[in-house]
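Trainee: Got a structure here, written out as structure tokens. Questions coming.
Values quoted throughout were computed directly from the atomic coordinates according to the rules given, and no laboratory measurement underlies them. Every value quoted in this text rests on a predicted model; they were computed, and no experiment measured them. FYI the Cβ positions are ideal-geometry reconstructions off the backbone, even for glycines, and counts take in every protein chain you see.
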Amino acid sequence: MNTADDLQKILIVDDVPANIKLLAEMLRDRYTLFIATDGHVALEVAQSEHPDLILLDIMMPGMDGYAVCTKLKADARTNDILVIFISALNAEKDQIRGFDLGAVDFITKPFSKVIVQARIQNHLTRRWAEQAVSRLHHQNRLILDAAGEGIFGLDLEGNTLFINETGSKILGWKKEELLGKPMHFTIHGKRVDGSPYPYEACPICAAMKDGIVHHSGDDIFWRKDGTFFPVHYTSTPIHEGGQIRGTVAVFRDITQQKRLEKHEIQSQASRIAISALLETGLESLSLDRQLDIALEIVMTVPWLSIEYKGAIFIFDETQGDLVLRASKGLASPLLSMCARLPMGYCLCGQAAQTRKTVFVNGLDERHTVRFEGIHDHGHYCVPIIFQSRLQGVLNCYIPAGVSYSPEVEAFLMTIANTLAGIIERRRLENKLEDVRKQLAFAALHDDLTGLPNRVLFKERLVQSISFARREKSVVGLLFFDLDWFKQVNDTLGHDVGDKLLIDVGHRVTSLLRESDTLARLGGDEFAIILGKISGEEDAMIVARKLIDTLNVPFYLDGHACRIGSSVGIALFPSHATDPETLIKHADTAMYTVKLKGRNGFSVFRAVDVPE
């Protein structure tokens, strides 16, 4: 059953709905129909849908059928469409005019379904036949065009009967030099390695024995100058009177085809390698792991004439040298000797310094790094550059004596450029991560001393209390400020005051355990969180050490600065069971010390709370 896409297309052009309906009923089961009620629409549909045939009414307002036909035949897009006029006009002159304009038929109204269907089918069938003949002519032209390939004929003894001009040019012989010669032994008698190619094994000659057409797409012919070329040929036996009389061979030089096939294979392998490398760059892997995978990808590309040995160096901008970050197959001495390479040193250093590929195909004076037992070899050392900034060097080993290949260098440069993007991305990610960490640190730490600020202090206090509640342990909270700090700050200046606050942080931190927290709450106020202590006595020991260490003078900018400290102590859970209350009680205890004369400590007691 034909689908709508298989049906031929007919455009009905008529301004009378009844006529359109009648024709549509006649044709809709056999064809795909398009409708137009005036000439302008008909032209648009003809251009967009390109129907196989148009049924065109003559008497239409605005633009009559003759005008429409004239425009159709004048337009290269539509001039091949069959046109049949349909009209009540049946005068001979009207029909002649229609034929002169290019119509193929003229159907008069009223319509006969049988006549309409028969005439349409007749013209469509004729058009199909014309197109079939045209296709046949086209095929014949293609066969004739094949004469642009080499063609020669052989008799039953394999001697050359004829050869065309193209064939003689491809082979480098004059036609008369080949006539009568045994073609197999002239152009086909030996293999690539020089060994004989027996006449009995030749597919061209076999066609004369078995009467079968033979093809080969992987063979060679030899030119007169002794060079060979890859060839595709077909050998067709010649039959006459039921007997084989010889064979005709059609051949063509497929050097370019082989070159393109090789290039396509290389390109496909290269695309796969680059794609794999790009995918690796998107994974959440360390840079060293990504570089290691990159080396593996490069060394397994089948068409590259390199060894399974190489390295990737990253340029250290701080030290100004190359750092070995990934390697494959390197001898043990090289791992230490090449751990860091100065710019310009050995081949990789030269590639980095010149920012150009360094190629060598054997050990020479440029091989600065050597060790006992080193084997002869060569290198491609390709600089890795991102937007004119050196990022490293890709080093691939090659067997000694291998010739330079621009294709290999171009591929390795593509790999290096891809690596540059991966390295740059990781560099930016690391930079962003550093910024993020700096911002996160700044949000939770004091700008001056680097100690936890009030926000982080409260978080850690909540954590300490939660842990102590689970473990049924004690948390000590010490609040202290610096006695006589204001006098130092006012007398010696804010710079000295800032240095004093920093040194206070250092001294107090040295007294504490790693698990304890010292925070600056603002100004000269500090707090200490002591987790997992046994009780009040442990907190008092820390308070005494704190006071003693802060009583030792601070020597700043040639001045001996003497301060003291007022320390308030509150404990969880004996004094408070929540952070806010514990902070409040430690602060209260600190001010109790100040009321008693400063430079001491006090443990919170309920009597300290003012009524």
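Trainee: What's the extension gain from R513 to E296 if we count 0.36 nm per residue and subtract their Cα-Cα distance?
Mentor: 73.3 nm
Trainee: Let me ask something else about it. Just to verify a number: FRET efficiency for D503 and L7, C-beta to C-beta distance, R0 = 56 Å, to 0.05? Kindly include the intermediate steps, with their values, before the conclusion.
Mentor: Values: r = 96 Å, r/R0 = 1.72.
About 0.05, to the nearest 0.05.
Trainee: Out of all DSSP beta bridges in the chain, what portion is antiparallel? Express it as a percent rounded to 5.
Mentor: Working: 81 of 103 bridges.
Of the beta bridges lying entirely in the chain, close to 80 percent run antiparallel.
Trainee: Okay, next question. Which value at 222 nm does the chain reach when only helices count, each DSSP H run of 4 or more adding -39,500 (n - 2.57), with the total divided by all residues and rounded to the nearest 500 deg cm²/dmol?
Mentor: Value at 222 nm, helices only, nearest 500: -14500 deg cm²/dmol.
Trainee: Can you tell me which lysines have their Cα less than 17 Å from the Cα of K181? Leave out same-chain residues fewer than eight positions away.
Mentor: Excluding near neighbours in sequence, the set is K169, K190, K224.
Trainee: Ok, one more. Once both axes come from the Cα atoms, what is the angle between helix 113-145 and the longest principal axis of the chain, in degrees from 0 to 90, rounded to 10?
Mentor: The answer is roughly 80 degrees.
Trainee: Using a simple charge model, +1 on the beta-carbon of Lys and Arg, -1 on the beta-carbon of Asp and Glu, nothing else, what dipole does the chain show about its Cα centre, in debye to the nearest 20?
Mentor: Using only the charged Cβ atoms, the result is roughly 420 debye.
Trainee: Could you tally the net charge around L324, taking each other residue with its Cβ under 13 Å from the Cβ of L324, Lys/Arg +1 and Asp/Glu -1?
Mentor: Once all neighbours under 13 Å are counted, the net charge is -1.
Trainee: Let me check against my output: what whole-number percent is the relative contact order of the chain, with C-alpha pairs under 8 Å and at least 6 apart? The partial results should precede the final answer.
Mentor: Numbers: 1003 pairs, mean separation 34.9, N = 611.
Here the relative contact order equals 6 percent.
Trainee: Okay, moving on. Could you list, by residue number, the cysteines of the chain that have no other cysteine's beta carbon within less than 4.7 Å of their beta carbon?
Mentor: That list is C69, C338, C346, C348, C381, C396, C561.
Trainee: Follow-up question, since we're still on this one. Label D376 and K532 with points 7 Å out from Cα along Cα→Cβ: what is the distance between them in nm?
Mentor: Reported label-point gap for D376 and K532 is 6.7 nm.
Trainee: Separate question: Looking at the chain, which longest stretch skips every one of the chymotrypsin sites (Phe, Trp or Tyr not before Pro) that is in a DSSP loop with at most 13 other Cβ atoms within 10 Å, leaving the sites themselves out?
Mentor: Maximal segment without exposed cleavage sites: 1-307.
Trainee: For the chain, place one equal point scatterer on every Cα, skip the solvent, and apply the Debye formula. What is log10 of I(q)/I(0) at q = 0.06, 0.09, 0.10, 0.12 Å⁻¹?
Mentor: -0.77, -0.98, -1.04, -1.06
Trainee: Need the full-extension length gain, I220 to Q243, defined as separation in residues times 0.36 nm minus the C-alpha distance. One decimal, nm.
Mentor: Details: separation 23, 0.36 × 23 = 8.28 nm, distance 2.96 nm.
Between I220 and Q243, full extension yields an extra 5.3 nm.
Trainee: Now for a separate question. Seen from all sides and averaged, what is the projected area of the convex hull of the Cα atoms in region 232-358, in nm²?
Mentor: Taking a quarter of the hull surface, the average projection is 13.4 nm².
Trainee: Separate question: May I ask you to list the trypsin sites (Lys or Arg not before Pro) in region 220-293 that are in a DSSP loop and have at most 16 other Cβ atoms within 10 Å of their Cβ?
Mentor: Those satisfying the criteria are R223, K224.
Trainee: Can I ask one more? Which one, C561, I115, I312, projects farthest toward the positive side of the charge dipole computed for the chain from Cβ point charges (K/R +1, D/E -1)?
Mentor: Farthest towards the positive pole: C561.
Trainee: On alpha-carbon atoms, Rg over Rh for region 9-143 using Kirkwood Rh?
Mentor: 0.99
Trainee: Mind pulling the angle between the C-alpha long axis of helix 494-511 and the longest principal axis of the chain? Nearest 10 degrees, somewhere in 0 to 90.
Mentor: 90
Trainee: Rounded to two decimals, what is Rg over Rh for region 506-564 when you use alpha-carbon atoms and the Kirkwood radius?
Mentor: Numbers: Rg = 13.0 Å, Rh = 12.8 Å.
Across region 506-564, the Cα-based Rg/Rh ratio is 1.01.
Trainee: Also, I was wondering about something else. Count the net charge of all other residues whose Cβ sits under 9 Å from the Cβ of R340, scoring Lys and Arg as +1 and Asp and Glu as -1. Show your work: numbers first, answer last.
Mentor: Values: positive: none; negative: D316, D321.
So the environment of R340 carries a net charge of -2.
Trainee: So what is the relative contact order of region 9-143, in percent, for Cα pairs below 8 Å that sit 6 or more residues apart?
Mentor: Averaging sequence separation for qualifying contacts and normalising by length gives 20 percent for region 9-143.
Trainee: Can you say what percent of the DSSP beta bridges in region 454-608, counting only those with both residues inside, are antiparallel? Round to 5.
Mentor: In region 454-608, approximately 85 percent of DSSP beta bridges are antiparallel ones.
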